[in-house]
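**Q** Got a structure here, written out as structure tokens. Questions coming.
Each value in this text was obtained by applying a stated rule to the coordinates, not by laboratory testing. Keep in mind it's a predicted model, so treat the numbers as computed, not measured. We place every Cβ from the backbone using ideal geometry, glycine too, and count neighbours over all the protein chains shown.
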């Protein structure tokens, strides 16, 4: 993997960037030195009324006040009468609703602890208390598995899902995100019933329905793990900076150009929350342009009506906690059966332009590895072992794709990852590519791709074929046995920008589209320009490490 370098800038353009970097570095140093995630041990009493006092016991709260979030709402700071490292005293606000309470500090966020209002003690399975807010009456299953369908009955869910969602308890206070069509996560959404796939990273705890009208009463759900689980190991706190700038804009002289024809849109990938990543914080410089988040995977910045006299840029600076992952599995208990209701199986076994799973070359390999194997875990391991034996790692290949890679038996990290996913999809095992950055021991950030495959009741299992083949960047301290470690396990020296293929844009299909030569996310385009723009120059702000702290 080549070492990344920021493109050279003119002094005039570099001054604001340098000032911004000084600000980011200073702020990040403050962030990374502020300690560990807070842990809530208990709340006393657990059932209260407005105006009553509760005591939150735990650790790592810090000696200065952070914030408390109850049922998705931040409590007023004036309601917090005491804050120490192991104890917080809160006077319950008059407007408080039942829900999960989170302690949030500069070090991170705690897991949620349930606080129940006396006026809203559940009746016959739970009820909501404000007209129009969603109410869960029951879960058709009180026990569920990762990837299974959970049926939620109640009322006021809304006749259409729109931006509504089901929230599950997780290892951290994070929303599970997915770049797939909503019907795959939510096969059914009506005003009185929701059918939802239980996402990876879900822990036993509470389920709530979140809509524009409010959040429902929580219902308890137990997660079964018959085949095993992924557990967190070591942890790193990583801050990176990335983006792009556009200059040398040349316009077409066309008075009849449609609205938006002179717009420039930058599609910047987001760092994703999940089991391996949490406490994600974006530090924004307030760049010009209209910002909007397109789904959960992409941050879109639109510059309207660009002209030849201007240059524009969009940058993202993110700080996130990254955890190593270790797979604990009983292969004999892995089920070969996938649920077929939601379309999840078809979506993650389909062929795409970047994952040509329908190629005859991959079908031949898939047929070979499936012989005598039914378990998706054993099939995935056979594909992984075949890649490590068949492929030779090579930098600077002209075509990084899977078809070119299998033809010449060599390629880079992207080739290895797309080859693994293509063969596995040809073998009818759900899988996806993951794009992000890898941090070396020399504190360099390299664009890097790896993969995941899905095991029923267990979730997405990480695989890094190129590192498993020993292809480490300079200064990277790999494990003692990389071929064993990187099947099912991951280090904490990376950030994932996207899981799967981000189907963002293009917004202007007849315009110009630009992607960096060394991308760090699997997506259609990074920069696009409207039809009235003849040409422009893109200066890529490739991911750059600001700081890393590991423990």
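**Q** Could you state the number of Å between the C-alpha centres of the range 456-517 and the range 128-160?
**A** 35 Å
**Q** What value, in deg cm²/dmol to 500, does the helix sum -39500 (n - 2.57) over DSSP H runs of n ≥ 4 give at 222 nm once divided by the residues of the chain?
**A** Computed mean residue ellipticity for the chain: -4500 deg cm²/dmol.
**Q** Next up: If each of residue 281 and residue 94 carries a label point 7 Å out from its Cα toward its Cβ, how far apart are those two points in nm?
**A** 3.3 nm
**Q** By counting other Cβ atoms within 10 Å of each Cβ, how are 80, 265 ranked from fewest to most?
**A** Ordered from fewest to most neighbouring Cβ atoms within 10 Å, 80, 265 come out as 80, 265.
**Q** Sticking with this one: Run the numbers for residue 44 and residue 398: contour at 0.36 nm per residue of separation, minus the present Cα-Cα distance, in nm. Don't jump to the answer; show the numbers that get you there.
**A** Details: separation 354, 0.36 × 354 = 127.44 nm, distance 6.31 nm.
Additional length available on full extension: 121.1 nm.
**Q** Tell me, in nm to one decimal, what length is gained between residue 84 and residue 190 on full extension, where the rule is 0.36 nm per residue of separation less the Cα-Cα distance?
**A** That works out to 33.7 nm of additional length.
**Q** On full extension of the chain, what length is gained from residue 514 through residue 220, given 0.36 nm per residue of separation minus the C-alpha to C-alpha distance?
**A** 101.1 nm
**Q** Also, quick follow-up: Which distance in nm do the two modelled labels at residue 106 and residue 477 give, with both placed 7 Å along the Cα-to-Cβ direction?
**A** 2.7 nm
**Q** Now for a separate question. Out of all DSSP beta bridges with both ends in the chain, state the antiparallel percent to the nearest 5.
**A** If I count the DSSP bridges inside the chain, around 95 percent turn out antiparallel.
**Q** A further question follows. Within 10 Å of each residue's Cβ, count the other Cβ atoms and sort 37, 399 from fewest upward.
**A** The most exposed by this proxy come first: 399, 37.
**Q** Go ahead and collect, in residue order, the members of the range 426-457 whose backbone nitrogen is under 17 Å from a label point 7 Å along the Cα-Cβ direction of residue 363.
**A** 426-429
**Q** So I have (i) 12; (ii) 18; (iii) 52, and one of them is percent of Cα pairs over 45 Å apart calculated from this model. Which one is it?
**A** Entry (ii).
**Q** Among 222, 498, 513, which comes first, then next, by fewest other beta-carbon atoms within 10 Å?
**A** Values: 222 11, 498 25, 513 16.
Ranking 222, 498, 513 by Cβ neighbours within 10 Å, fewest first, gives 222, 513, 498.
**Q** Let me ask something additional. Which FRET efficiency value, to the nearest 0.05, is calculated for residue 346 and residue 537 with the Förster distance at 51 angstrom and r the Cβ-Cβ distance?
**A** E between residue 346 and residue 537, to the nearest 0.05, is 0.80.
**Q** For the pair residue 59/residue 550, report the inter-label distance in nm, with labels modelled 7 Å from Cα in the Cβ direction.
**A** The answer from the label model is 2.4 nm.
**Q** Still on this model: Among rounded, prolate and oblate, which fits the range 134-224 when a ≥ b ≥ c are the square roots of the eigenvalues of its C-alpha gyration tensor, a/c under 1.5 means rounded, and a/b larger than b/c means prolate?
**A** Since a/c stays below 1.5, the shape of the range 134-224 is classed as rounded.
**Q** Where the centroid of each part is defined by its Cα atoms, how far is the range 59-117 from the range 327-374 in Å?
**A** So the separation of the two Cα centres works out to 44 Å.
**Q** Relative contact order for the chain using alpha-carbon pairs under 8 Å, separation at least 6, rounded to a whole percent?
**A** Taking the mean separation of contacting Cα pairs over the length of the chain, I get 16 percent.
**Q** Calculate how many DSSP beta bridges within the range 39-118 are antiparallel, expressed in % of all such bridges and rounded to the nearest 5. Display every interim value, and only then the final one.
**A** Details: 24 of 26 bridges.
The antiparallel proportion sits near 90 percent.
**Q** Name the shape class, rounded, prolate or oblate, that the alpha-carbon gyration tensor gives for the range 431-551, where a ≥ b ≥ c are the square roots of its eigenvalues, rounded holds for a/c under 1.5, and otherwise prolate holds if a/b is larger than b/c and oblate otherwise.
**A** Numbers: a/c = 2.96, a/b = 1.64, b/c = 1.80.
It comes out oblate by the Cα gyration axes.
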